[in-house]
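The values are calculated or read from the model by the stated rules, or taken from the named source; none is laboratory data. All figures in this text were calculated on a predicted structure; none of them were measured in a lab. Neighbour counts are summed over all protein chains in view; Cβ atoms, including those assigned to glycine, are modelled from backbone coordinates with ideal geometry. Note: areas computed on protein heavy atoms with side chains; ligands, DNA, RNA excluded. Shrake-Rupley method; radii C 1.70, N 1.55, O 1.52, S 1.80 Å.
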Amino acid sequence: MSAKTRLSSFIQHPYLFAGFMVVGLSACGSSSDDSGVGYVQFYNASSNAPAIYLTMDKDNDDDFNSKTHSAVSYGKAGGSYEYDTDNYDIDFSWDDGDSELEEIYESSLKIASDDTQLVVIAGNIATPEVLYFDIEDIDDDNDDDEDLFNLRIINMHSFSGGVDIYLSKSNETFNEAVLFSNVTYGEISTNVKYDQDDYVIYLTAAGSMDVLYQSEEIAYIYPSQYLMIIRENNGPSDSPFTIDQITKSSGATEYPDADASAEFRLYNGLFEHELLPEYQSVADVHVNGISDDPEVPNFYSGEFSESMQRDFGDYSLDLTIPESNEVIIQNHLLTLNAGDDKTVFFYVREEDVSDDDDDEEEIEITLNSLVVDNSNRESLYDHQVTIINLIDEFSKVDVYFVESNETIDSTDNDKHVPYITPQSITLLNNTYNVYVIGEENSSDMILVRSELVLDEDTHDMFLIVEEDVNSITGYKMMFTDQKD
């Protein structure tokens, strides 16, 4: 295939593998029967990769129509697609924004009858590694196995010496767990049958009994074949591992370490207001009750706190005025699940409460909080920008990311962002002029503009839009990394 795959050739193949994911030996292989059909499925294990497309082709067969399947993000899997048994050319590519797909890897693949070829892309996406797993279908359509399920696990974490995998019933502990397998990087376990039930998976270093990862309860309730993939944890957990369960349909279910701590930070979007005379652009933040020692003292407007780690659970947030300890925000809920990474935005909302019979304008204010999940993506070629609109004067604003050869009218990189309703956009590495537009009396008004440079060293970020009495226009925007 050529170095570019045209987007016009994009065709989603509709056939799905009838059953859960099946896994075999960690190698390319073939069935003894070369007639019929087999399946291919793609999993993206490259942590700095953008969404990757898999294209299937036959350069020596003019009658075969090239098929490009839906893009797959890091930690996700595409669907299981049906193909006639044969040899195929495959390539991996990403959308570089030039109406074509940029190829990053090409190889060949043999589809064998009734087997599934699991193709995994891993490592640094600039020099990717591709692994193939020839997956033989297991027929459990008999009375002896109808109450059992099949389990295999692939290790895509380069942990030194590999990992030992243990399983226990959900009502047991690690003391009762049994050794399932030891797998090193790029290896797949042999298939093991278990009684259908709820189980917990544990990971340790090879030969060790110190648990480095423990899953939540996982229900295995069908006489099916399950595939789990161990990969690197990119979240705030102390565990180096997380596990994805791959199913026949597109996607993957992640099971982070059940004992993982969570992480959060705060943004002070509160501004001074005549209806809040006691607030002078600074507050103290208390977690789970007001005390003499706030977790975040002297928390100034327009600033982020440092990230804080907590065990998973439900927490209350209170803001008080320094010295007087007067409460201005009380008992705002923050729920943290295992491995969560969140940002809490505090903001002021003005509301018109004027009576229709009263000509005098009256307003009231409320102090609120908005909780947003942080992105832990590490993509090399594109980046996610999550826009937080804290301007309550407009029901929405339009945000445009304009390249040097574009105008606001011609760019495709734009988002309609309602008030306090986060919207995300993924942008390729480039330099952008960023415009925030509001509508006033049927006219589009430039509220604020700035420049944004994205390159390989950029992280996913927040774009915060808010009022600013010190700005000429009365508004400002701020870019900040989502990961502290």
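Of note:
- Paired Rg and Dmax values of the range 258-306, which use every Cα atom, in angstrom: 13.2, 46
- Here the chain is treated with +1 on each Lys and Arg Cβ and -1 on each Asp and Glu Cβ, and its dipole about the Cα centre works out to around 1780 debye.
- Solvent-accessible heavy-atom area per residue, rounded to whole Å², over the range 306-369 at 1.4 Å: 58 Å²
- Evaluated on the range 311-439, the Kirkwood hydrodynamic radius is 18.0 Å, with distances taken between all distinct Cα atoms.
- Portion, in percent, of the accessible area of the range 245-318 that falls on carbon or sulfur, probe 1.4 Å: 42 percent
- Computed FRET value (nearest 0.05) for ASN60 with THR127, which takes r as the C-beta separation and R₀ as 25 Å: 0.35
- Accessible carbon and sulfur surface of the range 412-484 relative to its total accessible area, %, 1.4 Å: 41 percent
- Debye log10 I(q)/I(0) at q = 0.13, 0.16, 0.24 Å⁻¹ for the range 393-484, Cα point scatterers: -0.44, -0.67, -1.45
- Calculated over the range 214-316: convex hull of Cα atoms, volume per residue (Å³): 175 Å³
- Given 11 as the ceiling on other Cβ atoms within 10 Å, longest exposed-site-free region of the chain for GluC sites (Glu not before Pro) in DSSP loops: 1-145
- Approximate shape of the chain as ellipsoid semi-axes (Cα gyration tensor, √5λ), whole Å, largest first: 47, 31, 18
- Sequence of LYS415, LYS58 from largest to smallest accessible area, 1.4 Å probe: LYS415, LYS58
- Over the range 336-461, relative contact order from alpha-carbon pairs under 8 Å, at least 6 apart, %: 23 percent
- Of the residues GLY123, THR253, TYR222, the one whose Cα sits farthest towards the positive end of the charge dipole of the chain is GLY123 (charges of +1 on Lys and Arg Cβ, -1 on Asp and Glu Cβ, taken about the Cα centre).
- Bridging of LYS415 to lysines at a Cα separation below 28 Å is possible for LYS76, LYS342, LYS396, LYS476, LYS483, once same-chain residues fewer than 8 apart are set aside.
- Taking only alpha carbon atoms, the range 104-189 gives an Rg to Rh ratio of 1.06, where Rh is the Kirkwood radius.
- The stretch between GLU351 and SER208, if pulled fully straight at 0.36 nm per residue, gains 45.5 nm over its current Cα-Cα span.
- In whole angstrom, the range 192-263 maps to an equivalent ellipsoid with semi-axes of 22, 16, 11, each derived as √(5λ) from the alpha carbon gyration tensor and ordered largest first.
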